[in-house]
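Taking it in order: structure first as C-alpha cells, then the write-up.
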Amino acid sequence: MVRIKLMGAFAHLAGARELEVKIDGKKKVDELLRELIPRYDEFKDKIIMINGKPARGDAEVEDTDELKVMPVLSGG
Amino acid sequence: MTMKGWWGRILRVDLTNNKVWVQEYPEEVAKKFIGGRGLAAWILWNEAKNVDPLGPENKLVFASGPFNGLPTPSGGKMVVAAKSPLTGGYGDGNLGTMATVHLRKAGYDAIVVEGKAKKPVYLYIEDDNVSILSAEGLWGKGTFETERELKKIHGKNVGVLSIGPAGENLVKYAVVMSQEGRAAGRPGMGAVMGSKKLKAVVIKGTKEIPVADKEKLRELSQEAYNAILNSPGYPFWHRQGTMAAVEWTNENSALPTRNFSDGSFEFARSIDGYTMEGMKVKQRGCPYCNMPCGNVVLDAEGQESELDYENVALLGSNLGLGKLNEVSVLNRIADDMGMDTISLGVSIAHVMEAVEKGILKDGPTFGDFKKAKELALDIAYRRGELGNLAAEGVKAMAEKLGTHDFAMHVKGLEVSGYNCFIYPAMALAYGTSSIGAHHKEAWVIAWEIGTAPIEGEKAKKVEYKITYTPEKAAKVIELQRLRGGLFEMLTACRLPWVEVGLSLDYYPKLLEAITGVKYTWDDLYAAADRVYALIRAYWVREYNGNWDRKMDYPPRRWFIEGLKSGPYKGQHLDEKKYDELLSEYYRLRGWDERGIPKKETLQKLGLEEVIPELEKVTKLE
Ligand code: SF4
C-alpha cells in the first residue's frame, strides 16, 4: 500500500486527508495523484514528499512508500 | 484636471493650525508612481525629511490607487504610510476598508495629515466638506467600540479608520484599524496617528470616479471575478483562507515556534485551519472581494475574533500556546487595542525567552496564556516596566537587555510568520523588504520549497539541501516587483493571484481600462523598481548616510543556531553564502555593495532629483 497524506486544497478536492492505495510495481507520482485529485494538473506549485524527502511529480513510488502532497498556495 | 482614474487631488490636513486644503498633484507623478505605496513614498520623500516620527512634522499618509472605489477584483485596499517610529525608516502597510472606497468617491486619491491637535480629534470627510471634530469622548476606547460609536453618529454607510489605546499610548507597533479585523501599518502607523491626537478618520463619498472605459472595466472585472470562483483552489480557500498555512509550514520546519527557536510545534494540529473551521462563526472580507478570508471564531472569552495565519503563528506557536480559543483572545485584544499582531507576538516571545534564560526576572514564560494576556494589555496601556519595555519592540528590547542573539527583527521590524533556518531566499526577502521583516513583498518560501533541488537517481534517497543559487535573488526581486510594487500601487489585494491563481494579465488591462494609460510589463516593473529605489533612498537619508549591507541581514539566530527538531534538525543559514546572495541581489537591482542605489540606477528610473539630496549624506557610486 502507498500511504498518501493530502494537504490543503488537495484534501478538499480528493475528499480525504489520508488515502491508502494499492499499486503494482512502480508508478509516477503525477499519474497516481491525477487519479485521486480532481483538477490536479491545474495546480502549478505543489510540494511532493516521498518518505519525508522532497521529490518531483515524475518520481516513481512503489507499494511501501509514503507520499505527502500539498499545493503551496495559502499563507501570504 | 482631465485625468481618468486618478483625481489628481490630495486632501491636506494640518491639525496644529486646524487647516484643511486640497493639493493638486501633477499627472506625471500619477503615471510614474501610480498610487498607494508609490504615491506615499513620493510624498514622504519630499516632505518627511529628518523628522521625529512621533513629532508634529511627520506626515501620515492614507493613499489609495486607481483600483480603489471601483469594482476591481479584491481592490478595496488602502496604504497607510509615515516615517516609522519603530524602525526610523520608511513605514507602511495596507488594509482592506470601506474608507478607501469612500475616499475615492469623495474625490481624493490620498489624505496627508500633519501637525498635532491640542485635544483628541477625528476627521469627518463628506465629499468637499471636511471637519475636524472633537474625539474627547472616544479617546481611550478600543477600535471596535470607536467604529461603532462613529457609525451611530454618521450612519452605517461610511468608511472608518481608527486607533485604539495602543496608538494613543504610542506603542511602537500600533496599527490603524478598520472593520474590527483589518489592520494596517505594522511599523507603528497607529502610533504616528496617536502622536497627532487623531483618533479616527470617517469618510463618506458620493461622487463618480472618472473612468476611461467603463464598459471594458465592467467586462474585465466580471471575467476576473468568475475566474476566481471557478478556480480549483477556491472552495478550500473559502474554508480556511490563510489558516491553511499552519499545516504546511509546520510540515516544512517553517512555523515560528517559541520565539523562532524551532520550526514545528507539537500542538500545531490544535491551532490549524481544521481546528479553526470547527470554531468559525462567520466570514468577513474587504470591499469588492469575492474570496473573503477573514475567518471569525468565538474566543475563550466568548467574543468574536478574526483569525489569519500570521495571527495564529505569532500569537500561538511562537508563544508556545496550543489552544486556538486562547490564541484568539490575544488576537482580539491586539485588534481592539490597535496593535500589530505579528510584532506583538514576537515582542512577547522575546520577553518569554528572556525570562526563561533568567535575563528578565518577572514575566510570562512559553505556554503561559494568562500572563501573556496580561502583558498584551500592559503593552497597550504602557503599564509597568515590562509593558513599557515590550511596547518599544524587539530591537529596543535587545539593545537594553543585550539579547541580540534571539532578537527576531530586521531593521527594527519584527519577523512575520516564516522561520527561515533552512530558507535563504525567504531570509533574503525579509532582509530586503522595504519596511523590515515582512512577508507581503517577496513571499518566496513557497517557491523555494517547491523548487528544492532533487538529486540522485531516486528522489526518495535525497536530502533537502539549503542552496544559495543566484536565481533566488532574481526571484525575490520578481516577487517584490509584483507584490511590493504592482499590488501596493494599484492598490489591490494580491491574494486572488497568489492563492487562487488569477492571471496577472488582468491587472495591466484593468489599469488601462480605468486610467486610459497603457502600461507594458516593463513599465510596471520600472515603476516598482522606482518605488523600491526611492524607499531605499529614504532609509539612507533618514539614517543620515549611516548605512551598510548589514542592514539587510536577517536575524542572527538563523546563522548561529540550528533547528531544534524535525528532519532538518541542527541546520541553519550560512552567513557567508547569504552575503553572496545579497551581493547578487544588489547587482541585479543596480545598487552598490552597501545596498544604496547607484547614480545611474536612479537616473534610469527617473529619480534624478533624489541624487543631490542623497549626496548630502553619502557618496554615491
Ligand atoms: S482575499 Fe482576504 S485580504 Fe484579500 S481582499 Fe479578500 S478578504 Fe481582503
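Restricting the first member to the stretch B:264-277 and to residues that are open to solvent by 40 Å² or more (accessible area, probe 1.4 Å), and the second to residues that are part of a loop (DSSP other than H, G, I, E, B), the beta-carbon pairs closer than 7 Å and six or more apart or on different chains are B:F267/B:G322; B:S270/B:G322; B:S270/B:K323.
Here B:R218 qualifies as in a helix (DSSP H, G or I), over 25 Å from the mean Cα position of the chain (by Cα) and at pLDDT 95 or above. Kindly establish whether B:E180 is assigned to a helix (DSSP H, G or I) and farther than 17 Å from B:K59 by Cβ. Considered against the rule, which asks whether it is assigned to a helix (DSSP H, G or I) and farther than 17 Å from B:K59 by Cβ, B:E180 comes out as no. Of the helices (runs of 4 or more DSSP H) lying entirely inside the stretch B:95-177, the ones with 2 or more residues being under 20 Å from B:K196 (Cα atoms) and touching a Gly at 6+ places or on another chain (Cβ under 6 Å) are found at B:165-168.
For the stretch B:252-291, give me each residue that is within 14 Å of chain A (Cβ to nearest Cβ) and either within 16 Å of the ligand (Cβ to nearest atom) or under 30 Å from B:T72 (Cβ atoms) (or both). Result: B:G273, B:M276, B:E277, B:M291. One residue alone among A:K44, A:K26 is open to solvent by 10 Å² or more (accessible area, probe 1.4 Å), more than 9 Å from chain B (Cβ to nearest Cβ) and out of contact with any Lys or Arg (no Cβ under 6 Å at 6 or more places or on another chain), and that residue is A:K26. Residue by residue through the stretch B:336-353, note down the ones that are farther than 19 Å from B:Y418 by Cα and surrounded by fewer than 24 Cβ atoms within 10 Å (Cβ to Cβ). Correct list: B:D336 only. Taken over the stretch B:48-91, residues that are under 30 Å from B:V211 (Cα atoms) and more than 16 Å from the ligand (Cβ to nearest atom) amount to 8.
The single condition among (1) part of a loop (DSSP other than H, G, I, E, B); (2) open to solvent by 10 Å² or more (accessible area, probe 1.4 Å); (3) within 16 Å of the ligand (Cβ to nearest atom) that B:A300 does not satisfy is (3). Within the stretch B:230-250, being open to solvent by 10 Å² or more (accessible area, probe 1.4 Å), over 12 Å from B:M291 (Cβ atoms) and more than 7 Å from chain A (Cβ to nearest Cβ) holds for one residue alone: B:N250. Set side by side, the residues A:E31, A:E20 differ, and just one is touching a strand residue (DSSP E or B) at 6+ places or on another chain (Cβ under 9 Å) and surrounded by fewer than 17 Cβ atoms within 10 Å (Cβ to Cβ), which is A:E20. Quick check on the stretch B:204-218. Is at least one of its residues within 14 Å of chain A (Cβ to nearest Cβ), under 22 Å from B:S503 (Cα atoms) and not basic (K, R)? The answer is no, given that none of the residues of the stretch B:204-218 is within 14 Å of chain A (Cβ to nearest Cβ), under 22 Å from B:S503 (Cα atoms) and not basic (K, R). Looking across the stretch B:278-297, just one residue is β-branched (V, I, T) and open to solvent by 10 Å² or more (accessible area, probe 1.4 Å), and that is B:V281. Take B:A334 and tell me if it is within 14 Å of another protein chain (Cβ to nearest Cβ) and more than 15 Å from the ligand (Cβ to nearest atom). Criteria not met by B:A334. Screening the candidates B:P85, B:P56 for the property of being more than 24 Å from B:D128 (Cα to Cα) and under 18 Å from the mean Cα position of the chain (by Cα) yields one hit, B:P85. Among residues of the stretch A:48-73 that are within 7 Å of another protein chain (Cβ to nearest Cβ), those with a beta-carbon under 9 Å from a residue that is among the aliphatic types (A, V, I, L, M) and open to solvent by 40 Å² or more (accessible area, probe 1.4 Å) at least six positions away or on a different chain give the pairs A:K53/B:I454; A:P54/B:I454; A:A55/B:I454; A:R56/B:I454; A:A59/B:I454. Among the residues of the stretch B:507-562, those that are of a type in the set (F, W, Y), buried (at least 19 other Cβ atoms within 10 Å of the Cβ) and more than 28 Å from B:E600 (Cα to Cα) comprise B:Y507, B:W558. The set of residues in the stretch B:10-68 being β-branched (V, I, T) and part of a loop (DSSP other than H, G, I, E, B) consists of B:T16, B:I34, B:V51. The single residue among B:S328, B:S305 that is buried (at least 24 other Cβ atoms within 10 Å of the Cβ), under 24 Å from the mean Cα position of the chain (by Cα) and not in a helix (DSSP H, G or I) turns out to be B:S305. If you go through the stretch B:479-506 and keep only what is open to solvent by less than 10 Å² (accessible area, probe 1.4 Å) and within 14 Å of the ligand (Cβ to nearest atom), you end up with B:R483, B:F487, B:E488, B:L490, B:T491, B:A492, B:P496, B:E499, B:L502.
The test for being under 29 Å from B:L490 (Cα atoms), at pLDDT 95 or above, buried (at least 24 other Cβ atoms within 10 Å of the Cβ) and among the aliphatic types (A, V, I, L, M) does not hold for B:A166.
Kindly establish whether A:G57 is assigned to a loop (DSSP other than H, G, I, E, B) and open to solvent by less than 30 Å² (accessible area, probe 1.4 Å). Yes, satisfied.
Residue by residue, here is whether (1) at pLDDT 95 or above; (2) open to solvent by less than 10 Å² (accessible area, probe 1.4 Å); (3) away from chain A (no Cβ under 14 Å); (4) under 18 Å from the mean Cα position of the chain (by Cα) holds:
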position	(1), (2), (3), (4)
B:I379	yes, yes, yes, no
B:T403	yes, yes, yes, no
B:E414	yes, yes, yes, yes
B:Y418	yes, yes, no, yes
B:F421	yes, yes, yes, no
B:A425	yes, yes, no, no
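Table: residues versus (1) without any contact (Cβ under 8 Å) to a residue 60 or more places away in the chain; (2) out of contact with any strand residue (DSSP E or B) (no Cβ under 9 Å at 6 or more places or on another chain); (3) under 25 Å from B:L482 (Cβ atoms); (4) of a type outside the set (A, V, I, L, M).
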| position | (1), (2), (3), (4) |
| --- | --- |
| B:T403 | yes, yes, no, yes |
| B:V410 | no, no, yes, no |
| B:E414 | no, no, yes, yes |
| B:N419 | no, no, yes, yes |
| B:P424 | no, yes, yes, yes |
| B:L428 | no, yes, yes, no |
| B:G431 | no, no, yes, yes |
| B:K440 | no, no, yes, yes |
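Considering each residue of the stretch B:311-320 in turn, at least one proves to be open to solvent by less than 20 Å² (accessible area, probe 1.4 Å) and within 16 Å of the ligand (Cβ to nearest atom).
Cβ-Cβ contacts under 7 Å between residues 6 or more apart (or on different chains), taken from a first residue in the stretch B:222-249 that is more than 18 Å from A:A11 (Cα to Cα) to a second residue that is part of a helix (DSSP H, G or I) and more than 14 Å from the ligand (Cβ to nearest atom), are listed as B:A224/B:Y506. Selection over the stretch B:586-609 of residues that are of a type outside the set (K, R) and part of a helix (DSSP H, G or I) gives a count of 6.
Is it the case, given these coordinates, that B:E613 is of a type outside the set (S, T, N, Q), more than 25 Å from the chain's Cα centre (by Cα) and open to solvent by 40 Å² or more (accessible area, probe 1.4 Å)? For B:E613, the condition - of a type outside the set (S, T, N, Q), more than 25 Å from the chain's Cα centre (by Cα) and open to solvent by 40 Å² or more (accessible area, probe 1.4 Å) - is not met.
The values are calculated or read from the model by the stated rules, or taken from the named source; none is laboratory data. For clarity, every value in this text was computed on a predicted model and none was experimentally measured. Positions of Cβ are backbone-derived with ideal geometry, glycine not excepted, and every protein chain shown enters the neighbour counts. When the accessible area is computed, the model is the full protein with side chains, heavy atoms only, and any ligands, DNA or RNA have been set aside. Shrake-Rupley method; radii C 1.70, N 1.55, O 1.52, S 1.80 Å.
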